[in-house]
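A.B. asks: Here it is, the structure, as structure tokens.
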Amino acid sequence: MTKSKKNHGVLYLGIDLGTSRTSISASNGERETVSSFVGYAKDSVAEKSLGKSTLFGDDALAKRMSVDLYRPLSKGVIQEGEDTVHGNGDKEGNLRAAADLIKEIIARAKPRADELVYAVIGAPAEASIHNKEAILNAARGSVDSVMLCSEPFAVAYGLDMLDDVLVIDIGAGTVDLCRMHGTMPEESDQLTLTYGGDFVDAAFRERLEATLEGASFSPKMVKDAKERYASVADSMEPAIVNFPVNGKPTTFDVTDQLREACRLIIPPIVEGLGKLVASFDPEFQDRLKDRVLLAGGGSQIKGLDTAIEACMHDMLGRGTVQRIEEPMYGGANGALKIAHDMPAEYWEQLK
Amino acid sequence: MSQGLFNPREIHHLMVAEFDRSVRFGTPLAFLQIGVDRLGYLHDLYGEESRQEILSAINDLLRASTRASDLLGYPDGDRILAAVPHIEGEHADLLAERLVSGARGLTFEADGRTLRITVSIGLAHTADGTTSFDKMVQHARDAADLASVKGGDRFHRVRPDVAPKVELSPGAPVPAPSDTQFQDALLAESLKQALSGEGGHALLAQELLGKIMAEVETRFEDSSSGDSRHEMLERRVAKLGDMLSRTEAQLRSVLSSQGPEGVASVYQDVQGLDSSESNVGQKKDLLTAIFDANLRMKKIIEEDKSSSNTQGNQST
Ligand SMILES: Nc1ncnc2c1ncn2[C@@H]1O[C@H](COP(=O)(O)OP(=O)(O)OP(=O)(O)O)[C@@H](O)[C@H]1O
């Protein structure tokens with residue numbers, strides 16, 4: 001950051017760095033979310049027709065024929081190698097894309113040159129130190145001081161629920177479970193499962209492929225249908241989709257396939273909850289079971305809270321689940337609150 | 001209703017988030033305030049236990065009548081305040097109607113007698129143009145008050161921005177100021193004073209709100225004659241509601257311009273950055289833990305860098 005005069009107060013930023021979406025919430029009232037895609041123009045011809053060299057979010061996805069497309073955070077951490085469904089696999093490219101994405105989202109919060117900018121970034125607990133370093137380096141270019149914290153912790157902090165709460169954060173790449181008990185959650189308080197929204201998409205797709213003969217559909221069509229109709233309830237709104245068969249639009253009822261796919265994530269989540277409960281002070285285990293918060297984009301699956309409750313009753317004897325609304329900004333808002341509450345001297349020391 | 005496992009403050013947080021989401025994404029949301037008619041009287045006659053039993057039966061009814069998983073609610077004095085997301089206005093009306101008739105079917109045993117109850121429900125819906133959480137709660141409350149003073153066993157929905165304007169046709173004689181108008185002028189004057197006075201705005205405003213509500217209530221008391229009178233009073237409620245919100249907005253702007261952080265802090269409320277004093281000690285510990293973890297990480301990264309630098313230097 002250039003050493004311009006910073007005399008107009010502090011701008012606080014909360015950032016939720018997600019597999020599918022990156023969101024920012026700022027103390028100046030700005031809120032932005034962008035899907036976690038970065039695209040670089042393939043060549044100068046493409047750049048000319050796109051009008052710029054780097055595209056972000058849905059823009060990048062829409063122009064995927066003209067750009068090298070990265071989804072740098074698939075599985076919640078910066079990908080360092082293996083090929084991913086939507087993104088390129090190379091490590092350097094992913095690191096660069098992550099850095100550009102962070103810079104972009106900060107720019108969208110419109111910081112002014114004369115403001116000190118302090119940011120808290122919610123990142124998955126299991127990100128490697130290498131990964132965290134990359135995230136911090138990317139952010140440092142655009143802010144004066146930055147800290148990382150775990151994503152589910154940020155959600156709980158934002159809602160002022162610091163005591164005996166279990167947070168289920170259903171993202172795209174992962175489901176993060178976190179036990180809050182008034183102090184900073186440690187390794188043993190957190191559990192990451194790979195049963196997030198992407199897993200549901202894949203399971204749904206498998207079922208569609210097995211049952212819809214001759215229909216063709218893209219990953220995006222599958223995901224859109226899921227986001228429109230996802231439910232685990234016995235009686236759900238019929239999921240009616242339009243997929244082409246031999247080029248001819250054809251209507252299918254995919255209610256059962258979707259419900260089945262959505263239900264797959266319930267047992268592993270409850271099993272995970274069971275583990276976090278079992279290793280907790282026995283005196284407070286019941287209280288913990290009765291204070292479960294459901295967050296993240298995937299929490300919008302209809303009836304999921306009631307279904308998790310029912311499964312908890314079967315597997316753990318009891319359970320009460322409350323869905324938090326604002327899945328897009330739950331993490332970012334919490335991170336913003338942490339940034340705002342953090343004493344100034346701490347920020348100073350991390351500059 | 002999560003059977004009291006999340007406390008009212010926590011539920012309140014969730015509701016604010018719900019409202020926020022509804023505003024941002026344009027999804028419909030209804031607030032219901034549900035009161036049992038003559039609950040105080042039932043309490044006096046049959047005791048606290050009956051009162052509790054009645055309230056929990058209402059809870060159950062509410063859960064059964066909504067997609068329970070979507071419902072957020074907490075006791076608000078002797079009433080229950082509930083938020084029902086993703087519900088269109090007309091469905092919210094139907095839901096309220098269903099609750100009213102459902103309550104009629106409830107029976108309780110007390111002192112060997114069978115008791116029946118009725119409820120008064122106030123309904124506020126985002127489609128009616130409500131722009132703040134507090135206002136929406138207030139509208140639900142006002143509507144419940146209105147349903148109750150109209151005799152109970154009914155629901156009422158306040159529609160602030162669709163209240164018809166009363167317009168005088170040109171040339172029509174200007175009516176002499178009535179008693180009511182005089183009272184209004186008094187209230188308006190006090191409001192003005194509250195706004196221009198030094199400090200204590202919030203307290204003054206609070207007091208005035210109380211007065212206005214009392215005023216509204218007494219005007220409803222003698223309103224049992226005829227529907228047109230009801231309609232007029234409803235309009236007055238809508239107008240007063242509007243006036244209150246404008247007053248609140250003005251108070252806020254006065255207060256913030258005197259605040260130590262001036263314009264920079266304008267959005268702190270909106271973003272939930274109140275400097276609330278709850279759990280201060282605990283939060284401080286948590287923040288220190290986050291800071292320590294970040295400091296450790298910074299050191300590890302720096303050590304890594306310097307060791308790889310020296311390695312690099314050695315190898316060259
Ligand atoms: N209405 C909906 N119903 C079901 N799933 C949805 C809905 N809307 C979004 N999702 C899913 O939520 C997921 C994204 O959630 P979120 O934005 O919380 O994830 P993220 O933070 O990017 O991911 P992660 O936490 O893994 O890093 C996607 O899989 C998306 O398809």
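A.B. asks: In this structure, is residue A:31 more than 14 Å from every other protein chain (Cβ to nearest Cβ), within 18 Å of the chain's Cα centre (by Cα) and of a type in the set (Lys, Arg)?
C.D. replies: Taking the combined requirement at face value, the residue does not satisfy it.
A.B. asks: Does any residue of the range A:137-159 turn out to be more than 11 Å from chain B (Cβ to nearest Cβ) and closer than 30 Å to residue B:9 by Cα?
C.D. replies: Checked the range A:137-159: at least one residue is more than 11 Å from chain B (Cβ to nearest Cβ) and closer than 30 Å to residue B:9 by Cα.
A.B. asks: Only one of (1) of a type outside the set (Ser, Thr, Tyr); (2) open to solvent by 10 Å² or more (accessible area, probe 1.4 Å); (3) in the same structural domain as residue A:26 (by TED's automatic domain parsing) fails for residue A:252. Which number is that?
C.D. replies: (3)
A.B. asks: Starting from the range B:26-43, keep only residues that are within 16 Å of residue B:153 (Cβ to Cβ) and open to solvent by 30 Å² or more (accessible area, probe 1.4 Å), then list their pairs with residues that are modelled with pLDDT of 90 or more and among the hydroxyl-bearing types (Ser, Thr, Tyr) whose Cβ atoms are within a distance under 9 Å, requiring at least 6 positions of separation or different chains.
C.D. replies: Short answer, once both residue conditions are applied: B:38/B:118.
A.B. asks: Give the residue, chosen from A:264, A:273, that is within 21 Å of the chain's Cα centre (by Cα), away from the ligand (no atom under 16 Å from the Cβ) and at pLDDT 95 or above.
C.D. replies: A:273
A.B. asks: Right, something else. One residue is enough: does the range A:324-334 have a residue meeting the conditions aromatic (Phe, Trp, Tyr) and away from the ligand (no atom under 13 Å from the Cβ)?
C.D. replies: For the range A:324-334, residues aromatic (Phe, Trp, Tyr) and away from the ligand (no atom under 13 Å from the Cβ): absent.
A.B. asks: Within the range A:324-342, count every residue that is more than 7 Å from chain B (Cβ to nearest Cβ) and outside any helix (DSSP H, G or I).
C.D. replies: Residues in the range A:324-342 being more than 7 Å from chain B (Cβ to nearest Cβ) and outside any helix (DSSP H, G or I): 3 in total.
A.B. asks: Here's something else I'd like to know. How many residues does the range B:96-112 contain that are free of Cβ contacts under 8 Å to residues at least 24 places away in the same chain and under 17 Å from residue B:144 (Cα atoms)?
C.D. replies: 1
A.B. asks: Across the range B:134-160, what is the number of residues that are of a type outside the set (Asp, Glu) and in a helix (DSSP H, G or I)?
C.D. replies: Residues meeting the conditions: 14.
A.B. asks: Does any residue in the range A:287-301 that is more than 10 Å from every other protein chain (Cβ to nearest Cβ) and open to solvent by 10 Å² or more (accessible area, probe 1.4 Å) come within less than 8 Å, Cβ to Cβ, of a residue that is within 11 Å of the ligand (Cβ to nearest atom) and polar (S, T, N, Q) six or more places away or on a different chain, and which pairs are these?
C.D. replies: A:297/A:20; A:301/A:231
A.B. asks: Turning to a different aspect of this structure: Mind listing whichever residues of the range B:67-101 are open to solvent by 20 Å² or more (accessible area, probe 1.4 Å), at pLDDT 75 or above and in contact with a helix residue (DSSP H, G or I) (Cβ under 6 Å, 6 or more places away or on another chain)?
C.D. replies: B:74, B:78, B:98
A.B. asks: Hey, another quick one. In this structure, does residue B:64 turn out to be within 14 Å of chain A (Cβ to nearest Cβ) and surrounded by 20 or more Cβ atoms within 10 Å (Cβ to Cβ)?
C.D. replies: Spelling it out, it is not the case that residue B:64 is within 14 Å of chain A (Cβ to nearest Cβ) and surrounded by 20 or more Cβ atoms within 10 Å (Cβ to Cβ).
A.B. asks: From the residues in the range A:199-229 that are small (Gly, Ala, Ser) and either over 13 Å from residue A:252 (Cβ atoms) or in a helix (DSSP H, G or I) (or both), which one is farthest from the ligand (Cβ to nearest atom)?
C.D. replies: For the range A:199-229, the residue satisfying everything is A:210.
A.B. asks: Here is a further query. Looking at the range A:312-323, I want the residues that are part of a helix (DSSP H, G or I) and have a partner that is open to solvent by 10 Å² or more (accessible area, probe 1.4 Å) and charged (D, E, K, R) with Cβ atoms under 8 Å, at least 6 apart or on another chain. Which pairs are those?
C.D. replies: Qualifying pairs under 8 Å: A:312/A:289; A:312/A:318; A:315/A:271; A:316/A:289.
A.B. asks: So residue A:228 clears everything in (1) without any contact (Cβ under 8 Å) to a residue 40 or more places away in the chain; (2) open to solvent by less than 50 Å² (accessible area, probe 1.4 Å) except one condition, right? Which one?
C.D. replies: (2)
A.B. asks: Further question: Scan the range A:86-124 for residues that are part of a helix (DSSP H, G or I), surrounded by fewer than 17 Cβ atoms within 10 Å (Cβ to Cβ) and at pLDDT below 90 and report the count.
C.D. replies: So the count comes out to 2.
The values are calculated or read from the model by the stated rules, or taken from the named source; none is laboratory data. Just so it is clear, the structure is predicted and the values come from calculations on it, not from any experiment. Heads up, the Cβs are rebuilt from the backbone with ideal geometry, glycines too, and the neighbour counts pull from every protein chain shown. With ligands, DNA and RNA removed, areas are computed over all heavy atoms of the protein, side chains included. Shrake-Rupley method; radii C 1.70, N 1.55, O 1.52, S 1.80 Å.
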